[in-house]
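To keep things clear, I will list the structure first and then write my remarks on it.
The values are calculated or read from the model by the stated rules, or taken from the named source; none is laboratory data. Just so you know, these numbers come straight off a predicted model, no measurement behind them. We place every Cβ from the backbone using ideal geometry, glycine too, and count neighbours over all the protein chains shown. Quick note on the areas: whole protein, heavy atoms, side chains included, nothing else; ligands and nucleic acids left out. Shrake-Rupley method; radii C 1.70, N 1.55, O 1.52, S 1.80 Å.
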Amino acid sequence: MGAAKQRCQNPAHPEFAHYGARGIEFRFETVEAGAQWVMDNLGLDRSRILDRSDNDGHYEPGNLRYATVHESLMNRRNTKL
């Protein structure tokens with residue numbers, strides 16, 4: 001959750017252009033509150049990664065899920081040339 005917050009709020013973060021600059025927000029009051037929401041609603045699954053269900057949505061309750069790496073890669077923006 002700390003990394004997600006940094007990607008959304010820290011312009012010096014290397015991934016900020018793909019998150020915060022696109023308008024993606026970290027909508028939990030604190031990193032701890034986000035982690036607690038995950039534990040209470042999704043549990044702990046170290047075999048998968050935390051992912052946003054809607055790639056254009058925010059880090060917020062209801063838009064987080066656990067996904068395999070493959071599922072996460074399928075939920076990404078694709079540049080069309």
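Rundown of residues vs (1) at pLDDT below 95; (2) under 19 Å from Lys5 (Cα atoms), yes/no style:
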{"residue": "Phe28", "(1), (2)": "no, yes"}
{"residue": "Val31", "(1), (2)": "no, yes"}
{"residue": "Gln36", "(1), (2)": "no, yes"}
{"residue": "Arg46", "(1), (2)": "yes, no"}
{"residue": "Ser53", "(1), (2)": "yes, yes"}
{"residue": "Asp56", "(1), (2)": "yes, yes"}
{"residue": "Glu60", "(1), (2)": "no, yes"}
{"residue": "His70", "(1), (2)": "yes, no"}
{"residue": "Met74", "(1), (2)": "yes, no"}
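Taken as a whole, the structure places Ala35 among residues that are part of a helix (DSSP H, G or I), touching a residue at least 24 places away in the same chain (Cβ under 8 Å), on the phi < 0 side of the Ramachandran plot and surrounded by fewer than 18 Cβ atoms within 10 Å (Cβ to Cβ). If the condition is being among the basic types (Lys, Arg) and either part of a loop (DSSP other than H, G, I, E, B) or open to solvent by 40 Å² or more (accessible area, probe 1.4 Å) (or both), then segment 38-81 contributes Arg46, Arg48, Arg65, Arg76, Arg77, Lys80.
Residues in segment 8-32 that are touching a helix residue (DSSP H, G or I) at 6+ places or on another chain (Cβ under 8 Å) and open to solvent by 40 Å² or more (accessible area, probe 1.4 Å): Gln9, Asn10, Pro11, His13, Glu15, Phe16, His18, Tyr19, Glu25, Val31. The residues listed here are Asn41, Asn55; of these, the one that is over 19 Å from Asn75 (Cα atoms) and out of contact with any Ser or Thr (no Cβ under 6 Å at 6 or more places or on another chain) is Asn41.
When you look at Ala17, is it assigned to a helix (DSSP H, G or I) and of a type in the set (A, V, I, L, M), yes or no? It is true that Ala17 is assigned to a helix (DSSP H, G or I) and of a type in the set (A, V, I, L, M).
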